[in-house]
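Participant: Structure incoming, see below.
The values are calculated or read from the model by the stated rules, or taken from the named source; none is laboratory data. Just so it is clear, the structure is predicted and the values come from calculations on it, not from any experiment. Note that each Cβ is placed from the backbone with ideal geometry, even for glycine, and that neighbours are counted across all protein chains shown. The protein model used for the area step is the full one, side chains on, heavy atoms only, and it has no ligands, DNA or RNA in it. Shrake-Rupley method; radii C 1.70, N 1.55, O 1.52, S 1.80 Å.
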Amino acid sequence: AEHQRRAAPHAVAEALAGRMSVPDAEVAQSYEARRAQYVTAERRSLRQLAFPNREAADAALARIRGGGTFDAIATEMNRSAADLALGTLAAEEVIDPAVRQAAFRLERGVPSDVIVGRFGPVIVVADTIEAERVRPLADVANEIRFQLQRERAQRDMLDMHDRVEDERAAGSRLAEVARKRELPFVEIAAIDNLGRDPTGQI
């Protein structure tokens, strides 16, 4: 007996997607709606010098303002690079809200005022600042257009399924329906109920 099976849903979706027309205005509207997907947030390489109390932090800040350096004070306090490093982070990755707010307002290399954070008083410095990067619409328009085509195709698949089944019920063979509707068609000559061909392959 001849056994016929419809192509996998993703193949049908691909075939339908190619027929979908998506206007440029709709692509632009989708870009704005999904803009966060195309933005790489600003990141800063941060170091933090923690103090046992506010008085010690204020004294260190006074020395910095008087010409001392963040690194010199860290050395005097026997703080290693690992003790100081917070990492290269986006704002949302900084756990302490007070540190986050202050650190992302700093100029590069300029130590902060004393920040009374969740874990005590600290002074923070941003060693590097990687600006926010946005992929422009021109770079992602084709990608967005394809996504919209796929989304529409997925919605249309159920309707297509019903139309195909109606034609089969009216006596059309599946291969004829596939050709008529320009859909991918796969014919498997022989297969058992476990999905194996005559050689035993799935």
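Participant: Tell me, yes or no, whether segment 150-157 has at least one residue that is at pLDDT 85 or above and surrounded by 14 or more Cβ atoms within 10 Å (Cβ to Cβ). Don't jump to the end; show me each part of the working.
Facilitator: Applying the first criterion (at pLDDT 85 or above) to segment 150-157 yields none.
Within segment 150-157, none of the residues are at pLDDT 85 or above and surrounded by 14 or more Cβ atoms within 10 Å (Cβ to Cβ).
Participant: So, in segment 18-40, of the ones that are among the small types (Gly, Ala, Ser) and under 17 Å from VAL140 (Cβ atoms), which residue ends up modelled with the lowest pLDDT?
Facilitator: Filtering segment 18-40 for residues among the small types (Gly, Ala, Ser) gives 18, 21, 25, 28, 30, 33, 36.
The next check asks that each one be under 17 Å from VAL140 (Cβ atoms); those that pass are 25, 28, 30, 33, 36.
On the way: ALA25: 91, ALA28: 92, SER30: 91, ALA33: 91, ALA36: 86.
So the residue we want is ALA36.
Participant: Mind counting the residues in segment 71-105 that are in contact (Cβ under 8 Å) with a residue 40 or more places away in the chain and closer than 20 Å to ALA131 by Cβ?
Facilitator: Number of matching residues: 10.
Participant: With the checklist (1) farther than 30 Å from GLU143 by Cα; (2) touching a residue at least 12 places away in the same chain (Cβ under 8 Å) in hand, flag the one item GLY68 doesn't pass.
Facilitator: (2) is the only condition that GLY68 fails.
Participant: Where the second residue is β-branched (Val, Ile, Thr) and assigned to a helix (DSSP H, G or I) and the first is without any contact (Cβ under 8 Å) to a residue 12 or more places away in the chain and over 17 Å from ALA25 (Cβ atoms) and lies in segment 139-164, which pairs have Cβ atoms under 6 Å and are six or more apart or on separate chains?
Facilitator: none
Participant: Could you tell me which of the residues ALA102, ALA36 is in a helix (DSSP H, G or I) and farther than 30 Å from ARG145 by Cα?
Facilitator: Values: ALA36 fails: farther than 30 Å from ARG145 by Cα.
Step by step, each of ALA102, ALA36 is checked, and only ALA102 is in a helix (DSSP H, G or I) and farther than 30 Å from ARG145 by Cα.
Participant: Among the residues of segment 127-149 satisfying the criterion of being open to solvent by 50 Å² or more (accessible area, probe 1.4 Å) and in contact with an Asp or Glu (Cβ under 8 Å, 6 or more places away or on another chain), which is farthest from VAL22 (Cα to Cα)?
Facilitator: This residue is ILE129.
Participant: On to the next question. Which of the following residues is open to solvent by less than 60 Å² (accessible area, probe 1.4 Å), of a type in the set (A, V, I, L, M, F, W, C) and under 25 Å from ALA153 (Cα atoms): ALA178, ALA169?
Facilitator: Working: ALA169 fails: open to solvent by less than 60 Å² (accessible area, probe 1.4 Å).
Among ALA178, ALA169, only ALA178 is open to solvent by less than 60 Å² (accessible area, probe 1.4 Å), of a type in the set (A, V, I, L, M, F, W, C) and under 25 Å from ALA153 (Cα atoms).
Participant: Quick check on VAL116: is it aliphatic (A, V, I, L, M), part of a strand (DSSP E or B), open to solvent by less than 30 Å² (accessible area, probe 1.4 Å) and out of contact with any Cys (no Cβ under 8 Å at 6 or more places or on another chain)?
Facilitator: Details: aliphatic (A, V, I, L, M): yes; part of a strand (DSSP E or B): yes; open to solvent by less than 30 Å² (accessible area, probe 1.4 Å): no; out of contact with any Cys (no Cβ under 8 Å at 6 or more places or on another chain): yes.
Answer is no for this residue.
Participant: Spot the failing condition for VAL122; the list is (1) modelled with pLDDT under 90; (2) in a strand (DSSP E or B), and only one is missed.
Facilitator: (1)
Participant: Restricting the search to segment 39-61, which residues are of a type outside the set (Gly, Ala, Ser), part of a strand (DSSP E or B) and surrounded by 13 or more Cβ atoms within 10 Å (Cβ to Cβ)?
Facilitator: Here is the first cut: in segment 39-61, the residues of a type outside the set (Gly, Ala, Ser) are 39-40, 42-44, 46-49, 51-55, 58, 61.
Filter once more, keeping what is part of a strand (DSSP E or B): 39-40, 43-44, 46-49.
The answer is ARG43, ARG44, LEU46, ARG47, GLN48, LEU49.
Participant: Can you tell me how many residues in segment 88-97 are surrounded by fewer than 14 Cβ atoms within 10 Å (Cβ to Cβ) and over 20 Å from VAL39 (Cβ atoms)?
Facilitator: 2
Participant: Just the residues that are in contact (Cβ under 8 Å) with a residue 40 or more places away in the chain and either open to solvent by less than 50 Å² (accessible area, probe 1.4 Å) or touching a helix residue (DSSP H, G or I) at 6+ places or on another chain (Cβ under 6 Å) (or both), please, taken from segment 181-200. Give the derivation first.
Facilitator: Taking segment 181-200 as the starting set, the residues that turn out to be in contact (Cβ under 8 Å) with a residue 40 or more places away in the chain are 182-191.
Matches in segment 181-200: LEU183, PRO184, PHE185, ALA190, ILE191.
Participant: Give segment 98-113 a look and list any residue that's crowded, with 20+ Cβ neighbours inside 10 Å and either more than 13 Å from ARG44 (Cα to Cα) or touching an Asp or Glu at 6+ places or on another chain (Cβ under 7 Å) (or both), or say none.
Facilitator: PRO111, SER112
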